[in-house]
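The values are calculated or read from the model by the stated rules, or taken from the named source; none is laboratory data. Here the structure is a predicted model, which is why all the values come from computation and not from measurement. Cβ placement follows ideal geometry from the backbone for every residue including glycine, while neighbour counts extend to all protein chains displayed.
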Amino acid sequence: MDRKQYRILTSKLSELGNTERRKLYQQAASIRKAASPLPGVKPESLHDIVFGLLTQERAAESPAGDLGETGTVVWVGPKTCHVGELECGLNGNRVAVGDVASFDRADLLVTNVSPRKTLLSRPDPGNPNLELPIAANVDLVVIVVSVKSPPLHVRFIDRYLITIDRSGANAALCVNKLDLLTPEERTQEFNKLTPYADLGLPIIGCSIETGEGLDEIKNLISGSTCVFVGHSGVGKSSLLNNVASGIAERTGEVSRGYGRGRHTTTWSSLHDLGDGTRIIDTPGIRSLGLKPLSPEELSWHFPEFAGLKCKFSNCTHLHEPECGVKDALGVNVRPERYETYRRILQE
Ligand SMILES: Nc1nc2c(ncn2[C@@H]2O[C@H](COP(=O)(O)OP(=O)(O)OP(=O)(O)O)[C@@H](O)[C@H]2O)c(=O)[nH]1
Ligand SMILES: [Mg+2]
Ligand SMILES: [Zn+2]
C-alpha cells in the first residue's frame with residue numbers, strides 16, 4: 001500500500017462508525033484466511049484488503065482462494081507487463097508473454113504467475129546459467145525460415161527442435177519467401193529439409209507475396225496458442241499480419257549487403273484472434289544458445305536415436321565401438337543430423 005492509497009483509506013474509514021469499521025476488518029480477515037497465499041507470495045495486509053473493499057475494486061464476496069484478478073500477459077517490458085489491456089508492475093515476478101498472471105487492481109502489481117503448461121526459453125547469452133523466457137503456455141512453436149534474404153541454413157533448425165522439445169510444445173516449420181525462387185531452386189531447398197520431413201515435422205512452404213501456403217498455416221495454428229520464432233527478416237511479423245485480419249505489426253526491410261533483417265520487432269507480443277487462436281510474434285534471434293547437455297540428455301532430443309542399441313549403456317556415439325547410432329548412419333540416422341549432434345556435444 002502506498003502513501004496515496006493509505007490517505008484514501010484513512011479518509012474513507014473516518015466516514016464510518018466503529019461497528020462498520022470493525023465489520024470491515026473482520027470481513028478482510030476472513031478473505032485473507034480463505035486466500036491462503038502460495039509459497040513465496042506475501043500475504044495481503046488487512047489494510048490492503050479493506051482498501052479494496054472500500055474502493056469496490058474487490059467484490060465483497062471475493063471467492064475463497066482468489067488472490068485478485070487474473071489475465072493473459074500479452075507483452076513484457078523491463079519493469080512492467082501488459083495483462084490484457086492493463087499495465088502492471090512485475091513486482092519481482094518472472095513473467096513471460098503467454099503467462100496467466102494474477103494482479104491486484106488497486107495497485108496494478110502482478111501478485112502471482114500461474115503454473116505453466118509449457119515454457120519456451122533460451123540461455124541468457126550474458127549468463128548461461130540464467131534462462132530467458134521466450135513464451136509461456138504455447139501449444140505450437142512455428143519455426144519460420146526464409147529461402148532467400150536471409151538464406152536458409154538448416155543446421156539451426158536442429159537447435160530450435162531441441163529447445164522446443166525441452167519446452168513441452170509441438171513444433172512446425174514454415175518456409176517463407178518461395179516467390180524468390182525458380183522451380184529448380186525450390187526443389188533444391190526442399191531437398192535440404194528431407195531430414196525434418198522424415199522426423200514427422202510438419203513443413204509448410206509459403207509466400208506473403210503470392211499468398212501461397214497461407215491457408216495451410218491458418219489451418220495449422222487454428223484454435224491453438226502458437227509462437228513464431230526465427231531469424232530477423234524471415235517474415236514472422238508479415239505472416240502474423242497476413243494470417244490474422246486487422247493486425248498490423250511493423251515489418252522491416254532486409255539489408256542488401258548481409259541479407260539479414262534489421263530487428264524490426266523488438267518485443268514479443270501476443271495477439272488474440274478471438275476464435276481460440278492466439279499468435280505470439282517474437283523478435284528475431286541471431287543465435288539460439290543451448291544449455292550444456294550431457295550426451296544422454298542430448299540423445300533424448302534425437303528421436304531417430306531411440307531404440308538403437310549400443311554396446312556401452314553410456315555410449316556417447318562419438319568414438320565407442322559397436323555403436324548403434326554410428327551403425328545406423330545413412331540408414332535410419334541422417335548424416336547431417338548426426339553432425340549436428342556431434343557439434344553440439346563438442347561445444
Ligand atoms: N519477397 C518476399 N518478401 C517477404 C515475404 N515475407 C516477408 N517479406 C519481406 O521481408 C522483410 C522482413 O519481414 P518481417 O515480417 O519484418 O520479418 P521478421 O521476421 O518479423 O523480422 P524481425 O522482426 O526483425 O525479427 C519485409 O520487407 C517483408 O516485406 C515473402 O513471402 N516474399
Ligand atoms: Mg518482426
Ligand atoms: Zn552409441
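Scanning segment 221-237 for residues that are surrounded by 23 or more Cβ atoms within 10 Å (Cβ to Cβ) and near ligand 2 (Cβ under 10 Å from one of its atoms) yields F228, G230, G233, V234, G235, K236, S237. Just one of (1) at pLDDT 70 or above; (2) surrounded by fewer than 18 Cβ atoms within 10 Å (Cβ to Cβ) fails for L38. It is (1). Screening R260 on (1) more than 13 Å from ligand 1 (Cβ to nearest atom); (2) more than 30 Å from E85 (Cβ to Cβ); (3) surrounded by 12 or more Cβ atoms within 10 Å (Cβ to Cβ); (4) not small (G, A, S) shows it passes everything except condition (1). Exactly one residue among N170, N137 is under 18 Å from I204 (Cα atoms), among the polar types (S, T, N, Q) and under 15 Å from the mean Cα position of the chain (by Cα), and that residue is N170.
Filtered by the rule that a residue be more than 15 Å from the chain's Cα centre (by Cα) and assigned to a loop (DSSP other than H, G, I, E, B), segment 91-113 gives N91, G92, N93, R105, A106, D107, L108.
Which residue pairs have Cβ atoms under 7 Å apart, sit 6 or more places apart or on different chains, and have a first residue in segment 291-317 that is more than 16 Å from L161 (Cα to Cα) and a second that is of a type in the set (V, I, T)? Final answer for the pair search is P295/T316; L308/V325; C310/V325; H317/V325. Look at segment 1-15: where a residue is closer than 16 Å to L109 by Cβ and a partner is β-branched (V, I, T) and surrounded by 12 or more Cβ atoms within 10 Å (Cβ to Cβ), sitting 6+ places away or on another chain with Cβ atoms under 9 Å, you get Q5/T55. Here the strands (runs of 3 or more DSSP E) wholly within segment 126-221 that include at least 1 residues being modelled with pLDDT under 95 and either more than 20 Å from F305 (Cα to Cα) or among the hydroxyl-bearing types (S, T, Y) (or both) are 127-136. Looking across segment 325-346, the residues that are in contact (Cβ under 8 Å) with a residue 40 or more places away in the chain and touching a Leu at 6+ places or on another chain (Cβ under 8 Å) come down to Y341, I344, L345. Going by the conditions given, is G252 surrounded by 17 or more Cβ atoms within 10 Å (Cβ to Cβ), within 9 Å of ligand 1 (Cβ to nearest atom) and touching a residue at least 12 places away in the same chain (Cβ under 8 Å)? When the stated conditions are applied, G252 does not pass them. Among the conditions (1) in contact with a Ser or Thr (Cβ under 6 Å, 6 or more places away or on another chain); (2) closer than 18 Å to V175 by Cα; (3) away from ligand 2 (no atom under 16 Å from the Cβ), the only one that K218 does not satisfy is (1).
Only residues that are under 19 Å from R116 (Cα atoms) and in contact (Cβ under 8 Å) with a residue 60 or more places away in the chain were counted in segment 66-95, giving 5.
What is the residue count in segment 273-290 for residues that are more than 16 Å from ligand 1 (Cβ to nearest atom) and surrounded by 15 or more Cβ atoms within 10 Å (Cβ to Cβ)?
Taking segment 273-290 as the starting set, the residues that turn out to be more than 16 Å from ligand 1 (Cβ to nearest atom) are 273-278, 289-290.
The next check asks that each one be surrounded by 15 or more Cβ atoms within 10 Å (Cβ to Cβ); those that pass are 273, 277-278, 289-290.
The qualifying residues number 5.
Can you go through E297, E249 and tell me which one is more than 14 Å from ligand 3 (Cβ to nearest atom), acidic (D, E) and within 19 Å of V145 (Cβ to Cβ)?
Working: E297 fails: within 19 Å of V145 (Cβ to Cβ).
None of the other options fit; the residue is E249.
Scanning segment 323-342 for residues that are farther than 17 Å from E296 by Cα and either in contact with a strand residue (DSSP E or B) (Cβ under 8 Å, 6 or more places away or on another chain) or not polar (S, T, N, Q) (or both) yields D327, A328, L329, G330, V331, R334, P335, E336. Checked against (1) in contact with a strand residue (DSSP E or B) (Cβ under 7 Å, 6 or more places away or on another chain); (2) away from ligand 1 (no atom under 14 Å from the Cβ); (3) of a type in the set (S, T, N, Q), T187 passes all but condition (1).
Does H317 meet the test of being buried (at least 18 other Cβ atoms within 10 Å of the Cβ) and touching a Ser or Thr at 6+ places or on another chain (Cβ under 8 Å)?
It is true that H317 is buried (at least 18 other Cβ atoms within 10 Å of the Cβ) and touching a Ser or Thr at 6+ places or on another chain (Cβ under 8 Å).
Have a look at S45, S14 and point out the one that is hydroxyl-bearing (S, T, Y), modelled with pLDDT of 70 or more and exposed (fewer than 10 other Cβ atoms within 10 Å of the Cβ). Just one listed residue meets the conditions, S14.
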